[in-house]
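Trainee: If you scroll down you'll find the structure; I have some questions about it.
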Amino acid sequence: MKKVYWRPKAVSRTGLVLIAATALAGLFLVEHFKIVRQQPQYDLKLKAAKLAAEAMEAIYYERVQLQPEIDPSTDTTESGMVGLPMSEVTSIAGDLTAKQASVNPNFAAVVVEMLQKAKVNKGDVVAVGVTGSFPALNACVYSALETMETKPIVIASAAASQWGANHPDLLWIDMERLLASHGIIKTRAVACSIGGYEDRGLGLSPEGSATIEQAIKENGLLRLESKSFEEAIDERMHIYRQQAKGRPIKAYINVGGGTISVGRSLGKKMFKPGVNFRPPGRLQRIDGIMPRFITQDVPCIHLVQVSQIAEEYGLPVPPDTMPEPGNASVFSAVEYRKAAAAALLALLVGMMYTFVRSDVGHRLLKLTGKPKTDALPEPMV
């Protein structure tokens, strides 16, 4: 004979209140007793961030000696890493918020994580393309590469967009020489172009071009003098291969949206910020350093859309004060206690069954009251 299961037609309000109270109390406990878990390679990331902070501090002391003075309305952290609204070496318009967001030594830890995703290890050769547009990011990239003890090959372009390293007396190539002379970061570019439109100085004034030419000469860098877009790409690829001396290049890092690195307008839209492993669609229509490397199965780290990357890794956009190394989700993540959440869920399911689905809660609470005359036991399925 089959058993007939039944429950009261009315659900106890007392039972519902108990379920709600338990759910609220459990939510409070789960939310307020999370655990902080260190991310992989915490020590390495922190070391890179501290090195980047030291580099930015050295550049700051150099910058305060120059005129005009640092403007706190644009350089919100007064770091000296946010440049001028316009100068003779300014190539194109720039995004002030992106420049401000880039002034964060913890970006060095972000680069470490990206390099690890790209499977770069100690001693590996990494090709790098930097511009003067994001000096703080450049310092973070150099710091990450040196902390991981890789073999970087850097090619720079000297001009900068608005708010970048566009002080005529302190271009990025001057900054990296300063850091090397102080023994902070020894990585320096092996070659440099004038920058500007298509990396050939187009759009710069004669005075600006002359200033950059002199800076390249004073810094002892090989001057890139290609006459066309395709020739500029060929020249850079040749230098990377030559400097690698037969060793495989394990990754390429591009800082900023330089046309030679990324490709013309179509290339700028097709590569995503961060690590790129596979060629984007319609790549046959794009030429540039990144397109060539990625078709050779070399992972490409694309450092553009800085605010987006910052938000992804828990960095402020923009910071109000200079961030301390180690204060970001790239170092440690706040996680829920999974066992506690599972226990709460199991408890709520049990209470729902007890007070709603079965008659056990009815008996426990000893519900009273006359049943409706037309009420019949409801069969349970």
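Trainee: Taking helices (runs of 4 or more DSSP H) that fall entirely within segment 284-381, which contain at least 1 residues that are β-branched (Val, Ile, Thr) and either under 30 Å from LYS269 (Cβ atoms) or modelled with pLDDT of 75 or more (or both)?
Mentor: 289-294, 306-312, 338-352
Trainee: Specify which of the listed residues (GLY220, GLY256) is modelled with pLDDT under 95, small (Gly, Ala, Ser) and over 17 Å from ILE286 (Cα atoms).
Mentor: GLY256
Trainee: A further question follows. For the structure I just gave you, tell me whether GLU57 is free of Cβ contacts under 8 Å to residues at least 12 places away in the same chain and either buried (at least 24 other Cβ atoms within 10 Å of the Cβ) or assigned to a helix (DSSP H, G or I) (or both).
Mentor: Against the criterion (free of Cβ contacts under 8 Å to residues at least 12 places away in the same chain and either buried (at least 24 other Cβ atoms within 10 Å of the Cβ) or assigned to a helix (DSSP H, G or I) (or both)), GLU57 qualifies.
Trainee: Looking at LYS122, LYS117 in this structure, which one is basic (Lys, Arg) and touching a residue at least 60 places away in the same chain (Cβ under 8 Å)?
Mentor: That would be LYS117, the only listed residue that is basic (Lys, Arg) and touching a residue at least 60 places away in the same chain (Cβ under 8 Å).
Trainee: OK, next. Select from segment 165-191 the residues that are part of a loop (DSSP other than H, G, I, E, B) and touching a strand residue (DSSP E or B) at 6+ places or on another chain (Cβ under 6 Å) and write down the one among them that is farthest from ILE260 (Cα to Cα).
Mentor: For segment 165-191, the residue satisfying everything is THR187.
Trainee: Residues to consider are SER161, SER181, SER157, SER143; find the one that is within 24 Å of ALA251 (Cβ to Cβ), out of contact with any helix residue (DSSP H, G or I) (no Cβ under 6 Å at 6 or more places or on another chain), assigned by TED's automatic domain parsing to the domain that holds GLY208 and of a type in the set (Gly, Ala, Ser). Explain how you work it out, then say what you get.
Mentor: On the way: SER161 fails: within 24 Å of ALA251 (Cβ to Cβ); SER181 fails: within 24 Å of ALA251 (Cβ to Cβ); SER143 fails: out of contact with any helix residue (DSSP H, G or I) (no Cβ under 6 Å at 6 or more places or on another chain).
SER157 is the lone residue from the list that is within 24 Å of ALA251 (Cβ to Cβ), out of contact with any helix residue (DSSP H, G or I) (no Cβ under 6 Å at 6 or more places or on another chain), assigned by TED's automatic domain parsing to the domain that holds GLY208 and of a type in the set (Gly, Ala, Ser).
Matching residues to (1) surrounded by fewer than 17 Cβ atoms within 10 Å (Cβ to Cβ); (2) assigned by TED's automatic domain parsing to the domain that holds ASP320; (3) of a type in the set (A, V, I, L, M, F, W, C):
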position	(1), (2), (3)
THR22	yes, no, no
LYS50	no, yes, no
LEU66	yes, yes, yes
SER73	yes, yes, no
VAL82	no, yes, yes
ALA98	no, yes, yes
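Residue-by-condition table, conditions (1) touching a Leu at 6+ places or on another chain (Cβ under 7 Å); (2) buried (at least 18 other Cβ atoms within 10 Å of the Cβ):
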residue	(1), (2)
GLY208	no, yes
GLU218	no, no
LEU222	no, no
PHE229	no, no
MET237	no, no
ARG241	no, no
ILE249	no, yes
VAL255	yes, yes
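Trainee: Hand me the list of helices (runs of 4 or more DSSP H) wholly inside segment 192-281 holding 3 or more residues that are touching an Asp or Glu at 6+ places or on another chain (Cβ under 7 Å) and under 19 Å from SER87 (Cα atoms).
Mentor: Numbers: elements: 206-218, 229-244, 259-262, 265-270.
Per the criteria, 206-218.
Trainee: Give just the number: which of (1) surrounded by fewer than 18 Cβ atoms within 10 Å (Cβ to Cβ); (2) assigned to a loop (DSSP other than H, G, I, E, B); (3) not aliphatic (A, V, I, L, M) does GLN162 not satisfy?
Mentor: Every listed condition holds for GLN162 apart from (1).
The values are calculated or read from the model by the stated rules, or taken from the named source; none is laboratory data. Computed from a prediction, not measured in an experiment: that's the story for all the values here. Virtual Cβ from ideal backbone geometry, glycine too; neighbours counted across all protein chains shown.
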